[in-house]
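To start, the structure under review is shown below, and the notes come after it.
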Amino acid sequence: MLHYKIYQNKSKGNKAYGKWFARATVNQTIDLEQLAEHMANHNTPYSKGAIYGVLTDMVNCIRELVLEGNAVKIPNLAIFSAGLTTMGASTPEAFKPSANIKSVHLRARSTGDLTRAVLTTAAKVQQLVPYDPSKGAVETETPTDPDGKSVNP
């Protein structure tokens, strides 16, 4: 079951200012070791340690391949690739990587069983804490992801 909280957009100047949205909540963050243990409990002949080793190597290899400019597709999960955050230059000649490329980030496009359409059909949602207007118990800040970074509704 996915839980959500409602919040009001308080970003002035945003066309959605003042409107109410739902944001999925995260129960906990599962690390690679916990994922390996979970997988080992699914009637597999592989131990938690073997699975953890393979997953650790997979993560390292995806990083290496993405930094070489490749996209890595894991069916029913995502296609991983590198993206750039850049600032514009007035002309092609004025564009300098050191000045105009601000950061490199990981892009992940869902595939197969994890696409938006499939997840939307399969998901069951429920409000985590019902909104009570008499208590005003509602979030009014800019929404964030599990790492605390701002996200758009």
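Observations, loosely collected:
- Single match in 56, 25, 29 (criterion: among the hydroxyl-bearing types (Ser, Thr, Tyr) and without any contact (Cβ under 8 Å) to a residue 60 or more places away in the chain): 56
- Of all residues in region 2-15, those that are outside any loop (DSSP other than H, G, I, E, B) and surrounded by 13 or more Cβ atoms within 10 Å (Cβ to Cβ) have Cβ atoms under 6 Å from Cβ atoms of residues that are small (Gly, Ala, Ser) and modelled with pLDDT of 90 or more, 6 or more apart or on another chain, in 2/24; 2/123; 4/22; 4/24; 6/22.
- Checked against (1) within 20 Å of residue 23 (Cα to Cα); (2) surrounded by 12 or more Cβ atoms within 10 Å (Cβ to Cβ); (3) without any contact (Cβ under 8 Å) to a residue 40 or more places away in the chain, residue 112 passes all but a single condition, namely (1).
- Any hit, region 23-40, residues being among the basic types (Lys, Arg), part of a loop (DSSP other than H, G, I, E, B) and touching a strand residue (DSSP E or B) at 6+ places or on another chain (Cβ under 8 Å): no
The values are calculated or read from the model by the stated rules, or taken from the named source; none is laboratory data. The model shown is predicted, which means the values in this text are computed figures rather than measured ones. Every residue, glycine as well, gets a Cβ built from its backbone with ideal geometry; the counts of neighbours run over all protein chains shown.
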